[in-house]
Amino acid sequence: MRKALIKAESLSKVFAGKNKGETRALYDVSFELYEGETLGIVGESGSGKSTLAKLVCGLMPPSSGSVWVGRTNVGKAGRKERLELYARMQMVFQDSKGSFDSRRTLGDGIGESLRNRKLPKEEIRRRVEELLTDCGLSGEFADRYPREVSGGECQRAAIARALAIKPEILILDEATSALDVTVQAQIIGLLKRLREERGLSILFICHNIALVQQFCDRVLVLKEGRVLESGMTDELLSSPQNPYTRALIEAVF
Amino acid sequence: MSRVGAKRARVQGMKKDYLKIRLFLFSALAVLLILGALFSEQICPCDPYGQDLAKALQAPNPGHLMGTDAYGRDMLSRVIAGSKVSILSTLSLVAFIAVFGTAAGVFCGYVEGLPDSVLMRISDLCLAFPGLVFALAVAAILGGGVLNAAIALAAISWPKYARLARSRTLEMKGRSFIEAAFLSGDTDLQLMTRHILPNIAGPILVTAMLDIGTMMMELAGLSFLGLGAQPPTAEWGSMMSSGRSMLQTYPWVVLSPGLAVFATVAVFNLLGDTVRDYLDPGQ
């Protein structure tokens, strides 16, 4: 059995509404992300994919259940544990431009995690340029502002930021969904190469089942906050058991 | 680019140039006023407190450009000396409430929960007092004086900044760049000061600029009522108050400080308007 890097145990999330009662975004979701694999999470809008990503990253606390990364309970990590946790696990957001502070340069954003770990300035600058080059941009992009670059370039910078502290786990929350098809293909190519070179384990959250097919080892289908089925990508896509999964596949192919 | 587009771009370019000229003009005037207030002792032609009853209530003349008051003091010198109290106390008042209110608002919006509820209810409480009544109460408890008048005004005007900063902070907190910074290991303080504050500073700055005029009027108003600066301190509000019985016979005693208030408030309001237009041209 391979080592599980992320262990999500019966996660639930309930949002308290102001007057229309509560909304349940996730019901009792459990899964594991094993070392070296890419797990795809598919589902339509409103299925709870993004909520799941935020819970796994500790950006919001779960209503019940827990996420374990190694021996750290993500929802209950203190400041010191968090620094260690986010050195192992990073996230790339859907809205690439919105994920950078519009008043700071891309280089500033990419170097933020290094700065918070007290690296010297010149070292940070050197590493930021190296990361940008590795992600298919030139070092000059470090001095650009988010509004001065294209969506694809910005997402490359976001990937560079996520990789800055050499994490082993990458969470991609619809990271390619806002990009047009050709740029999307380039970013997937980049991610494939980085996954190979750096031995990343990836949680790939996406509504596009075709992308999941070419990028993921294993798939988890989410609908209305519940896991419908999961399995190896090829098996699941060739012989889906659940009618919803079948409909989801037929909508694309 | 289409012809319509080109024309629109040209018009917008002209508007931007015009705005720049306005911004330069009004900030130059404001800086001039502030410098005048800072160096008022050096530029006063006569001693603003030197009484000479033989020269009392002279109409404006070459020796006394704004005439003299009932004690024979040179009005021009008193108006210049008064700018020190009026302008500098207004500026420090606005700076204080803007900084304090913003800090409270960012904190409330960031932490939410109980501290937020408590602070916001306190701000509601402060807003519930009518300004003048509150100032009267403060003056009754602490006594008159510019400082006490400023305290009364500060107590009822900080909630405006706190609310603005709080709502903008709540809006920012949901943005993914804040989440990304959190994942980069930023502490709460870093998130607030490095990322949230610079992104919400624009509207707060504009509010503060527009508030300078209002606050100056209110401070002068309180002094006029005898709750602010006390005679013989040269202050525009109290100068107008002491001359009000002579408005019909010796109008310059009231009009000189009145003109000073009018001109100064106008300059700071126009500057505030220009800064607002400059920061968000969409409106």
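The values are calculated or read from the model by the stated rules, or taken from the named source; none is laboratory data. Fair warning: this is a prediction, and the values are worked out from it, not measured in the lab. Heads up, the Cβs are rebuilt from the backbone with ideal geometry, glycines too, and the neighbour counts pull from every protein chain shown. These accessible areas exclude ligands, DNA and RNA; they are computed on the full protein's heavy atoms, side chains included. Shrake-Rupley method; radii C 1.70, N 1.55, O 1.52, S 1.80 Å.
Some observations on this one:
- Options B:Ala165, B:Ala150: the member that is within 13 Å of B:Leu197 (Cα to Cα) and among the aliphatic types (A, V, I, L, M): B:Ala165
- Any hit, segment A:179-193, residues being among the aliphatic types (A, V, I, L, M), at pLDDT below 95, within 28 Å of A:Leu52 (Cβ to Cβ) and assigned to a loop (DSSP other than H, G, I, E, B): yes
- A:Ala158 being within 12 Å of chain B (Cβ to nearest Cβ), outside any loop (DSSP other than H, G, I, E, B), open to solvent by less than 20 Å² (accessible area, probe 1.4 Å) and touching a residue at least 12 places away in the same chain (Cβ under 8 Å): yes
- For the condition open to solvent by 50 Å² or more (accessible area, probe 1.4 Å) and in contact with a Gly (Cβ under 9 Å, 6 or more places away or on another chain), B:Leu132 qualifies.
- Hits in segment B:169-225 (condition: in contact with a Phe, Trp or Tyr (Cβ under 8 Å, 6 or more places away or on another chain) and of a type in the set (Phe, Trp, Tyr)): B:Phe177
- Only a single criterion out of (1) in a loop (DSSP other than H, G, I, E, B); (2) within 14 Å of chain A (Cβ to nearest Cβ) is not satisfied by B:Gly144, namely (2).
- Scanning segment A:65-83 for residues that are open to solvent by 40 Å² or more (accessible area, probe 1.4 Å) and part of a loop (DSSP other than H, G, I, E, B) yields A:Gly70, A:Arg71.
- Within segment B:113-138, the set of residues being touching a residue at least 24 places away in the same chain (Cβ under 8 Å) and charged (D, E, K, R) comprises B:Asp116, B:Asp124.
- Here A:Pro62 passes the criteria (1) at pLDDT 90 or above; (2) crowded, with 18+ Cβ neighbours inside 10 Å; (3) touching a Phe, Trp or Tyr at 6+ places or on another chain (Cβ under 9 Å) except the one numbered (3).
- A:Arg115 being facing another protein chain (nearest Cβ under 10 Å), modelled with pLDDT of 90 or more, under 22 Å from B:Leu197 (Cα atoms) and touching a Phe, Trp or Tyr at 6+ places or on another chain (Cβ under 8 Å): no
- Single unsatisfied condition, A:Arg226 versus (1) open to solvent by less than 10 Å² (accessible area, probe 1.4 Å); (2) touching a Phe, Trp or Tyr at 6+ places or on another chain (Cβ under 6 Å); (3) not β-branched (Val, Ile, Thr): (1)
- Taken as a whole, the structure places A:Thr176 among residues that are of a type in the set (Ser, Thr, Tyr), on the phi < 0 side of the Ramachandran plot and part of a loop (DSSP other than H, G, I, E, B).
- Selected residue (criterion: most open to solvent (accessible area, probe 1.4 Å)) from residues of segment B:60-71 that are farther than 18 Å from B:Arg244 by Cβ and within 32 Å of the chain's Cα centre (by Cα): B:Leu65
- Failed criterion for A:Ala247 (all others in (1) farther than 27 Å from B:Phe177 by Cβ; (2) part of a strand (DSSP E or B) hold): (2)
- Among the criteria (1) part of a loop (DSSP other than H, G, I, E, B); (2) within 12 Å of another protein chain (Cβ to nearest Cβ); (3) farther than 14 Å from A:Ile165 by Cβ, the one A:Ser47 does not fulfil is (2).
- Any hit, segment B:4-25, residues being assigned to a helix (DSSP H, G or I), of a type in the set (S, T, N, Q), closer than 22 Å to B:Val275 by Cα and over 22 Å from the mean Cα position of the chain (by Cα): yes
Residues are listed down the side, and each one gets a yes or a no for (1) under 22 Å from B:Pro198 (Cα atoms); (2) free of Cβ contacts under 8 Å to residues at least 12 places away in the same chain; (3) within 14 Å of chain B (Cβ to nearest Cβ); (4) outside any helix (DSSP H, G or I):
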position	(1), (2), (3), (4)
A:Leu85	no, no, yes, no
A:Gln94	no, no, yes, yes
A:Arg104	yes, no, yes, yes
A:Leu119	no, yes, yes, yes
A:Glu123	no, yes, no, no
A:Glu130	no, yes, no, no
A:Glu140	no, yes, no, no
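- Positions within segment A:193-223 being of a type in the set (D, E, K, R) and under 14 Å from the mean Cα position of the chain (by Cα), in sequence order: A:Arg195
- Identity of the residue in segment B:153-197, over 21 Å from B:Pro115 (Cα atoms) and open to solvent by 40 Å² or more (accessible area, probe 1.4 Å), that ends up farthest from the other protein chains (Cβ to nearest Cβ): B:Arg194
Conditions tested, residue by residue: (1) in contact (Cβ under 8 Å) with a residue 40 or more places away in the chain; (2) buried (at least 18 other Cβ atoms within 10 Å of the Cβ); (3) in contact with a Gly (Cβ under 9 Å, 6 or more places away or on another chain).
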| residue | (1), (2), (3) |
| --- | --- |
| B:Arg73 | no, yes, yes |
| B:Ser83 | yes, yes, yes |
| B:Gly101 | yes, yes, no |
| B:Ala104 | yes, yes, no |
| B:Ala149 | yes, yes, yes |
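- Of all residue pairs spaced 6 or more apart or on separate chains, those with beta-carbon atoms under 8 Å, a first member in segment B:177-190 that is over 19 Å from A:Lys166 (Cα atoms) and a second member that is outside any helix (DSSP H, G or I) and open to solvent by less than 30 Å² (accessible area, probe 1.4 Å) are B:Phe177/A:Gly98; B:Phe177/A:Ser99; B:Phe177/A:Phe100; B:Phe177/A:Asp101; B:Gln190/A:Asn116.
- Taken over segment A:178-216, residues that are aliphatic (A, V, I, L, M), out of contact with any helix residue (DSSP H, G or I) (no Cβ under 8 Å at 6 or more places or on another chain) and more than 16 Å from A:Ile159 (Cβ to Cβ) amount to 2.
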